[in-house]
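Please read the structure below before turning to the comments.
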Amino acid sequence: MRKRHLLWLGLVLFTRTVWSLPAGYLTEQPAEGDFALVAQSSQALIRTDSDDHKGLLRAVRSLQQDIHKVSGRQLSISHTEQAPQMLIIGSLDNSDLVNQLVAAGKLDVSAIRGKWEAYQIQTVRQPLPGVEQALVIVGSDKRGAIYGVYDLAETIGVSPWYWWADVPVIKREQLHIKADTLITDAPKVKYRGIFLNDEHPALSNWTAEKFGGYNSQFYVHVFELLLRLKANFLWPAMWNNAFADDDPLNPILADEMGIVMSNSHHEPMMRADKEWNRYGEGPWEYSTNRDNIYQFWQEGARRHKELESIFTLGMRGQEDEPMSEGENIGLLEQVVADQREILRNTFTDTDISEVPQVWALYKEVQGFYERGMRVPDDVTLLWADDNFGNIRRLPTADERGREGGAGVYYHFDYVGGPRSYRWINTVPMAKIWEQMNLAWQYQADRIWIVNVGDLKPMEFPIDFFLRMAWNPEDFRADNLQQFAIDWAAQQFGKKHAQTVAELIQGYTRHNGRRKPEAVEPDTYSIFHYDEAGRISTELAQLVEKSDLVEQQLAAQQQDAYVQLVSHPLKATQAVFELNRAVAMNRLHGEQGRVSTNYWAEQVRYWFHQDAQLTEKYHGLGEGRWNHMMSQPHIGYTYWRNPPANLMPVVSVAEPMEVADMGVAPEGSDHSWPISEYQGQTLSLDTFYPHGQAERYIEVFNKGTQPFEFKARAVADWITLSQTQGNIEQQQKIRVSIDWDKTPAGHSQGEVVIQGTGWGAAHIKVSAYKPADKPQGFVEADGYISLEAASAKVVGNRDGAYWQEIPGHGRTHSSVSAVTGQDMEITDLSAAPYLQYPLYFHSTGEFELHAIVAPTLDFVPDRGLRFAVALGEEKPQIVDILADNSQRAWEQSVLDGVRRASHKLQVEKPGQYQLRVYLVDPGAVLQKLVIDTGDLRDSYLGPPQSQFVR
């Protein structure tokens, strides 16, 4: 059994390693002894072996083009010539030249020999007679050498996204490699790739227009991108496509370039689902049509016998549906046995255990496994997430000993319930890291594959996912933001890198709160905690920063910036503002406001703004990316997207040609004078010294003629921002409290507003001023709200600790419970804990709401737990997954969080310590909210309570 020690994880608490993209061996200021790839008066010769792998020779030609793009110089490629300065490229298994250098003692490759996809980049003096110096790129195998080639390409200034996102290369007149350069590297995860999926209408229409379909002219660009990102694995587009059948050159090109092909989780034996539609005979039902399906699979094995492939085993229904036979484990076991027989009869000169095979434990298939079905030990178990980025299961200690190992199938895109999301990037980088880091810890390291939809606009998360797959140990909670900055610098330069990283992280954090397709007008509260208003300001500030950056970028960077930054940010803002405007339009319509029409126009504006953003994207590069952002995303009524974006229904007012006053307090949908007729009392929420400092009363017009109003407070401790004004549409009177004039205890008062019509609006105002001086996070406004990372951390140790994850969380960050493999803490007296000093004015039984990441029970037969204690009470276990129903799961993936509750007893006012104890690894806390009697409805919960020292 393989074991991975986790003691290194504790170092994250004490040290910081900065992640950076390749760049370490290129020097801008050449010194004596540095290798001159391109110098002022000379340039190196590229030397390869004519018998080396075709895919490597193709990559070398790409490098030649890259050097030309960067420096303007065309380096020659030769299989026989020599020059004083040479770039020698080859693979250990296929290059006589490289092996000659090794045999002559000029090159020590012991660090990479025998490893999977390893490469070495090294400067060598006098490697051959007549050669002064060489830069040698050598791979342990074909892909290792290719990765070394593309590492150099990236180092000199060619982004992997130069083609797919129009990122301009960095121009340099000279290219020098540092003397004594020696770099060796190899992947930690064996197969690393993407799945092109849900590809209609965007990607399919784009490929049809640009290439005539999903043919080799299209896939050559996908393969090259993967190789530049040091990936090696692909599930091809399959909605209405069949990779090997659409273009017979597709699989041949993949094998030549070095891409390991497979088919998606429900397409067995290297046959596409659509191939059965085209050639299959009878129903796709193994219990009644075994012979025809068996022959169909035989053809897939024969077709890919000489091509590097991973055969998917098992069977689901057509078009990714469950089998019609339901949970017939015996039938599925027969399916796998027959598939293995086909492979055994096809690969007659190879032990079947050496033929890569995978069983995707997706959706109901995982249930077969949990009920006892097994596959041979050499088959990789591909565990899946829940389609929303939460891994369902990871290997146990026994399973980690399997020869075939395990992997993870992850999602950035999904079609299905409770709501499809196919349009834009919605998965924050920190969330990806947190989940895939669990996969790494539990040794699900054979395959990492992610569903990326149309590929665009998922550039940033694809890049992160594949680089993390190369070496998960390079990535930790404390250097994720550095990756974002480095990535931004690679695409747009160092000057704007910090801001660009903030913009990408900002829009993604917002989409991680709730996917745009699932945002409704009532998602974010327009009544409480200024929630919708705060988010509107947040997004507007990001857009303002983005516009400033865009204005300063060079012309050749503009298209890339639109694709990678400004379009997804502004499109995200448009969907949010559209829904906010609908909510405001409805409210103002119900209250009869003349501003109803303003908000109707805002709805129209943001709907058309969304369309204009799409049109601008499609017009980039004279239509280079036409169709690519055409996925409908506005107007969902159930899980499936509408056929086109649908303009929401709006209310339109026809106000009277008079002046007519209305008054509404913050936090209420009731307004005067309707409330008076209905016997309702209008009031503002109670003020507290350490709570919300201001609340407002809105005076509005229901007619077209302006009017004057007057306002007065009936108590001297009530302060108004204005006592009179002229109303055309609406104005806010801001109400605050003069606490020096407010007596201790409860006080009652009101604000009286007079304008048109009979009578006046009376808005009740109450305040509570405690007599004592509090310390800690102080109860106010009916709650105590805590960001999880605001705790004092006590008892962290190697192998068991709480760890903050910046950027993971809907409002601030997250704090994750980390332990060694298969560990849970049963002795809570020895458990690390988070400690929050609190101050209560109220007493009673209060509800603690823990807002946590929607992590699943990835360890079987165990919940996901932490423990809570207030004051001196005994810690009580809280299971995040106590309600693990389908309905609870659906709500959690829509909300992007789960909520776990616990009762707290506060017997007397005063200071308390709230402690949250580590029990199970994988529990990720984002926020804690204690409802002391007046917590209001909102999506994100109230802002953090005031801390008093």
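When the residues of the range 790-806 are filtered to those that are surrounded by fewer than 21 Cβ atoms within 10 Å (Cβ to Cβ) and either outside the structural domain of Val906 (by TED's automatic domain parsing) or among the small types (Gly, Ala, Ser) (or both), which remaining residue is farthest from Tyr524 (Cα to Cα)? Among them, the one singled out is Gly799. Scanning the range 284-314 for residues that are acidic (Asp, Glu) and assigned to a loop (DSSP other than H, G, I, E, B) yields a count of 3.
Scanning the range 807-837 for residues that are surrounded by fewer than 19 Cβ atoms within 10 Å (Cβ to Cβ), closer than 23 Å to Glu399 by Cβ and among the hydrophobic types (A, V, I, L, M, F, W, C) yields a total of 1. Taking every residue in the range 805-826 that is under 11 Å from Lys927 (Cα atoms) and pairing it with any residue that is surrounded by fewer than 18 Cβ atoms within 10 Å (Cβ to Cβ), at least 6 positions away or on another chain, the pairs with Cβ-Cβ distances below 7 Å are Ser813/Pro806. Taking each residue of the range 872-890 that is within 28 Å of Val906 (Cβ to Cβ) and looking for partners that are of a type outside the set (Lys, Arg) and assigned to a helix (DSSP H, G or I) with beta-carbon atoms closer than 6 Å, six or more apart or interchain, yields Pro875/Leu828. Checked against (1) surrounded by 24 or more Cβ atoms within 10 Å (Cβ to Cβ); (2) not in a helix (DSSP H, G or I), Glu281 meets all criteria but (1).
Being outside the structural domain of Asp685 (by TED's automatic domain parsing), hydrophobic (A, V, I, L, M, F, W, C), in contact (Cβ under 8 Å) with a residue 12 or more places away in the chain and within 20 Å of Arg915 (Cβ to Cβ) is a description that applies to Ile784. Just one of the listed residues (Ile462, Ile432, Ile424) is of a type in the set (Val, Ile, Thr), over 26 Å from Leu925 (Cβ atoms) and part of a helix (DSSP H, G or I), and it is Ile462.
Here Asp49 passes the criteria (1) among the charged types (D, E, K, R); (2) outside any loop (DSSP other than H, G, I, E, B); (3) buried (at least 17 other Cβ atoms within 10 Å of the Cβ) except the one numbered (2). Residue count for the range 210-234, restricted to those that are hydrophobic (A, V, I, L, M, F, W, C), out of contact with any Leu (no Cβ under 7 Å at 6 or more places or on another chain) and not in a helix (DSSP H, G or I): 1.
Filtering the range 639-654 down to residues that are touching a residue at least 24 places away in the same chain (Cβ under 8 Å) and within 25 Å of the chain's Cα centre (by Cα), which residue is farthest from Asp559 (Cα to Cα)? That would be Trp639.
Being out of contact with any helix residue (DSSP H, G or I) (no Cβ under 7 Å at 6 or more places or on another chain) and at pLDDT below 95: is that true of Ser287 here? Can you show your working first?
Working: out of contact with any helix residue (DSSP H, G or I) (no Cβ under 7 Å at 6 or more places or on another chain): no; at pLDDT below 95: yes.
When the stated conditions are applied, Ser287 does not pass them.
Being modelled with pLDDT of 95 or more, buried (at least 24 other Cβ atoms within 10 Å of the Cβ) and either within 17 Å of Thr508 (Cα to Cα) or of a type in the set (D, E, K, R) (or both): is that true of Phe483 here? It is false that Phe483 is modelled with pLDDT of 95 or more, buried (at least 24 other Cβ atoms within 10 Å of the Cβ) and either within 17 Å of Thr508 (Cα to Cα) or of a type in the set (D, E, K, R) (or both).
A residue that is surrounded by fewer than 22 Cβ atoms within 10 Å (Cβ to Cβ), closer than 25 Å to Lys142 by Cβ and within 33 Å of the chain's Cα centre (by Cα) occurs nowhere in the range 231-241.
Please tell me if Gln334 is outside any loop (DSSP other than H, G, I, E, B) and more than 29 Å from the chain's Cα centre (by Cα).
Values: outside any loop (DSSP other than H, G, I, E, B): yes; more than 29 Å from the chain's Cα centre (by Cα): yes.
Yes: the conditions hold for Gln334.
Out of (1) within 40 Å of the chain's Cα centre (by Cα); (2) modelled with pLDDT under 95; (3) not basic (Lys, Arg), what's the single condition that is false for Ala111? Failed condition: (2).
What tally of residues in the range 70-100 results from selecting those that are part of a helix (DSSP H, G or I) and surrounded by 17 or more Cβ atoms within 10 Å (Cβ to Cβ)?
First, the residues of the range 70-100 that are part of a helix (DSSP H, G or I): 70-71, 96-100.
Applying the additional criterion that residues be surrounded by 17 or more Cβ atoms within 10 Å (Cβ to Cβ) yields 70-71, 97-99.
Matching residues across the range 70-100 total 5.
Selection over the range 522-535 of residues that are under 23 Å from the mean Cα position of the chain (by Cα) and surrounded by fewer than 17 Cβ atoms within 10 Å (Cβ to Cβ) gives a count of 1. Summed over the range 114-129, residues that are in a loop (DSSP other than H, G, I, E, B), over 18 Å from Asp49 (Cα atoms) and over 45 Å from the mean Cα position of the chain (by Cα) total 1. The set of residues in the range 135-172 that are more than 22 Å from Gln558 (Cα to Cα) and in a loop (DSSP other than H, G, I, E, B) comprises Ser140, Asp141.
The values are calculated or read from the model by the stated rules, or taken from the named source; none is laboratory data. Since the model is a prediction, treat every value here as computed from it, not as a measurement. We place every Cβ from the backbone using ideal geometry, glycine too, and count neighbours over all the protein chains shown.
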